[in-house]
1. Assigned by TED's automatic domain parsing to the domain that holds K517, farther than 30 Å from S312 by Cβ and at pLDDT 95 or above, is that true of S419?
2. Which residues, taken from the stretch 47-67, are more than 18 Å from S34 (Cα to Cα), in contact with a helix residue (DSSP H, G or I) (Cβ under 7 Å, 6 or more places away or on another chain) and in a helix (DSSP H, G or I)?
3. I'd like to verify a number: residues in the stretch 448-459 that are in a loop (DSSP other than H, G, I, E, B), on the phi < 0 side of the Ramachandran plot and exposed (fewer than 13 other Cβ atoms within 10 Å of the Cβ), how many?
4. Hey, any hits in the stretch 77-91 for a residue that's within 20 Å of the chain's Cα centre (by Cα), crowded, with 23+ Cβ neighbours inside 10 Å and assigned to a helix (DSSP H, G or I)?
5. Out of the stretch 226-271, which residues are more than 22 Å from the chain's Cα centre (by Cα) and either under 14 Å from A369 (Cα atoms) or small (G, A, S) (or both)?
6. Can you tell me which residue within the stretch 470-499, out of those that are among the hydroxyl-bearing types (S, T, Y) and outside any loop (DSSP other than H, G, I, E, B), is farthest from the chain's Cα centre (by Cα)?
7. Could you say whether any residue in the stretch 259-266 is more than 19 Å from L399 (Cβ to Cβ), in contact with an Asp or Glu (Cβ under 8 Å, 6 or more places away or on another chain), of a type outside the set (S, T, N, Q) and crowded, with 23+ Cβ neighbours inside 10 Å?
8. Could you give me the residue pairs with C-beta distances under 6 Å whose first residue belongs to the stretch 363-376 and is not assigned by TED's automatic domain parsing to the domain that holds T313, whose second residue is part of a helix (DSSP H, G or I) wherever it lies, and which are 6+ apart or on separate chains?
Amino acid sequence: MSNNVLDNSAQKTFLGHPVGLFVLFFTEMWERFSYYGMRALLVLYICSTQTDGGLGWTKSEALELYGWYTMLVYVMSIPGGVIADRMLGQKKSVMYGAIILCLGHGILAIEALWAFYTGLGLIILGVGMLKPNISTMVGGLYKQGDLRRDKGFTIFYIGINIGAFLSAIIVGAVGETYGWHYGFGLAGIGMLLGLVVYIWGQKHLEHVGNFLGKSENAEEKALLNKPLTKVEKDRMIVLLISFLIIIVFWGAFEQAGGLLNIYANEKIDRSIFGWEMPVTWFQSFNALFIIIFGTSVAAFWANRKLKGKETSTLLKMGIGTIIMGLGFLLMVGASKEASAMEYGTASFWWLTFAYLLHTIGELCASPTALSFITKLAPVKYASIMMGVYFAATGFGNKLAGTIGEASQSEPIKIELVASVDGLTSFEGVQDKVKEDEGIAIRSSIYLDGETFKADSYKNESVAVNPIFKFAKEEQLAEVVAVLKENQATKEKPYHATFKFEKDGEAKKVEANKGDGKNYSGTFIIEEVQSQKEYKTFLFIFILTAVFGGLVILLLKPLKRLTHGAEDNEVEA
């Protein structure tokens with residue numbers, strides 16, 4: 001694999017850039033269409049009840065799996081980079097990765113638990129082969145010192161986000177409307193289109209991504225065994241340090257697919273002139289903003305550099321992290337608005353402008369980071385270092401899942417004890433139970449002396465607590481302790497939604513249909529959950545502000561270790 005193009009003059013250009021850039025642009029666009037389309041559905045599918053075709057897991061369990069999955073997707077970029085640098089070259093690695101991804105997304109379309117885990121596993125392997133190597137190939141299209149490199153990565157990044165935008169709109173809508181597995185299948189079709197584009201465009205990629213071990217050029221072969229110089233070692237140190245801010249950046253940013261996705265589903269008012277926007281469409285906002293503002297942000301930094309002002313990638317990463325963190329300060333405001341009244345929601349605009357700030361921060365930090373690696377990484381370790389970068393992104397994703405998981409209250413398990421006839425006081429509930437459907441009862445909860453009470457939120461004269469029992473007595477004690485600590489009374493109650501589902505095995509027996517038995521469920525205390533979300537959003541804001549500020553403070557000593565890698569860039 002070579003990180004440098006041996007003969008730039010041999011490359012055809014389009015809009016001032018090598019044609020190969022646009023082959024990679026469309027390949028990655030369709031790959032990201034498949035990945036982000038699946039990601040938009042993943043947590044919602046896992047949390048969705050079995051009645052609605054989902055897995056019926058708790059939100060904490062869903063966020064835990066989300067964290068592990070998104071971490072492994074990117075951590076596998078390390079072996080993907082090693083395979084490219086030592087065995088196949090980038091070009092073949094991308095091809096094999098795309099084929100594996102097609103298989104993974106296709107299997108996800110099958111409605112079976114084994115298919116779910118198998119599909120996720122194949123996607124992890126496929127992204128690990130494709131992601132680091134296609135990005136390194138973009139850098140290989142440009143000579144060292146070519147100022148177009150950052151712009152080329154921004155164009156490539158726009159391709160990523162066109163795919164992400166279309167997937168959230170199309171795959172998200174199909175999954176929510178027609179069924180989760182139809183959405184997963186559509187994502188697979190997108191990946192297949194990406195593979196077709198890549199195969200078609202091979203003639204424009206002849207000079208990039210080839211395996212050095214099979215090169216006929218003696219200079220390229222020598223690079224495999226040449227020891228690192230002091231300059232190269234110093235630059236590797238800078239890259240490894242920069243990966244720490246990458247972990248923090250993505251640990252905050254990737255709340256989009258987890259915590260913010262759940263929050264949009266439950267706490268954001270999505271009504272627009274009487275129409276309710278699908279929750280997955282929020283996942284398209286970031287991509288749409290990148291398409292709109294991507295070239296403007298890139299032009300801002302390029303013009304600033306031409307004026308002789310500081311524009312180092314490290315500065316961009318620090319500032320980008322701070323700007324992105326400001327989006328969570330807006331979510332603190334959203335949380336305060338939503339919790340101002342029982343079962344309240346926050347304005348659509350809080351999340352919209354939060355995603356806008358996330359986007360501006362991402363445009364400063366992410367595409368330039370990809371370019372930064374191709375500038376500083378030694379040629380023989382180019383794909384490996386790109387793999388380490390994506391592994392850092394993966395660890396950021398795991399951090400995102402861990403933070404999101406910590407933001408969720410542990411559900412309290414309950415069991416329905418009322419008969420079908422005992423549910424007549426609750427509008428629509430009796431009919432649902434007769435059809436073995438899931439039910440949800442909004443309630444006011446409080447203490448009457450030391451006794452736990454729950455009344456219907458719609459009609460406080462209707463008692464709810466007689467229709468269920470706690471699965472464990474110690475959980476009742478925990479709820480009483482919380483209500484007591486917060487002085488929840490009938491006049492100033494807390495709130496909970498009691499959700500019940502008929503157990504899967506009992507539901508399969510036709511004789512049990514409509515008997516009202518074998519219903520189990522959970523609830524959380526809304527006010528406690530709102531407080532957890534508020535603290536989580538505030539924590540993320542502080543974390544990003546601190547780390548972004550540290551990068552800016554340490555800018556000069558870190559720049560010295562780059563040995564001027566970004567100082568002599570000119571237009572080719």
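1. Answer is no for this residue.
2. Across the stretch 47-67, the qualifying residues are C47, Q50, K59, S60, A62, L63, E64, L65, G67.
3. Qualifying residue count for the region: 3.
4. For the stretch 77-91, residues within 20 Å of the chain's Cα centre (by Cα), crowded, with 23+ Cβ neighbours inside 10 Å and assigned to a helix (DSSP H, G or I): present.
5. Result: R235, M236, V238, L239, L240, I241, S271.
6. Y494
7. No.
8. Pairs found: none.
The values are calculated or read from the model by the stated rules, or taken from the named source; none is laboratory data. Since the model is a prediction, treat every value here as computed from it, not as a measurement. Note that we place each Cβ from the backbone using ideal geometry, even for glycine, and neighbour counts take in every protein chain shown.
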